[in-house]
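The values are calculated or read from the model by the stated rules, or taken from the named source; none is laboratory data. Since this is a predicted model, take the numbers as computed values, not measurements. So basically every Cβ, Gly included, is an ideal-geometry build from the backbone, and we count neighbours across all protein chains shown. Remember, those area values only see protein heavy atoms, side chains included, never the ligands or the DNA or RNA. Shrake-Rupley method; radii C 1.70, N 1.55, O 1.52, S 1.80 Å.
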Amino acid sequence: MAGASANLREELAARIGMLDACIGLKRPDDLAREIDAIRDLAHRHGMRPAVTVAQALEMALARGERGPLIQDWLAILRDAVRSERHDDAACDTFRAACSVRLFG
């Protein structure tokens, strides 16, 4: 199971990297669909911090954030995907990071 989890983290990190690389080329709807797919996959595998950040990123897209602003969110999502902790405290930590990102 640990190998599968590592493979999943690598797959999600690669998807985030592809989004990051073409952030200015994708339409907001396409970005939202990809973030939704990442969130869904993370949810199905119990990666709660990644789900928390993906939800915040989806809200940022809905508010109209674009370009470099989204790259900051993707960096937090990448960290959440790499996290091996999936407990409430980890979710709270990433939720706080999103709050700082949102409100400065």
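Summary table
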item: Radius of gyration, Dmax [the chain; alpha carbons; angstrom]; result: 12.8, 38
item: The chain, helix-only ellipticity at 222 nm - DSSP H runs n ≥ 4, -39,500 (n - 2.57), divided by all residues, nearest 500; result: -27000 deg cm²/dmol
item: Accessible surface, the chain, averaged per residue in Å² (probe 1.4 Å); result: 56 Å²
item: Charge dipole of the chain about the Cα centre (unit charges at C-beta), most positive-ward option of 17, 71, 51; result: 71
item: Contour minus Cα-Cα distance for residue 103 and residue 82 (0.36 nm per residue); result: 5.2 nm
item: Förster-model FRET efficiency, 35 Å R0, residue 6 and residue 63, C-beta, rounded to 0.05; result: 0.55
item: Span-like helix ranges in the chain, DSSP H, alpha carbon extent 20 angstrom or more, Kyte mean at least -0.5; result: 2-21, 48-63, 68-82, 88-103
item: Counted charge near residue 26, where neighbours are those whose Cβ lies closer than 15 Å (Asp, Glu -1; Lys, Arg +1); result: -3
item: Residue 20-residue 89 pseudo-label distance in nm [points 7 Å out on the Cα-to-Cβ vector]; result: 2.7 nm
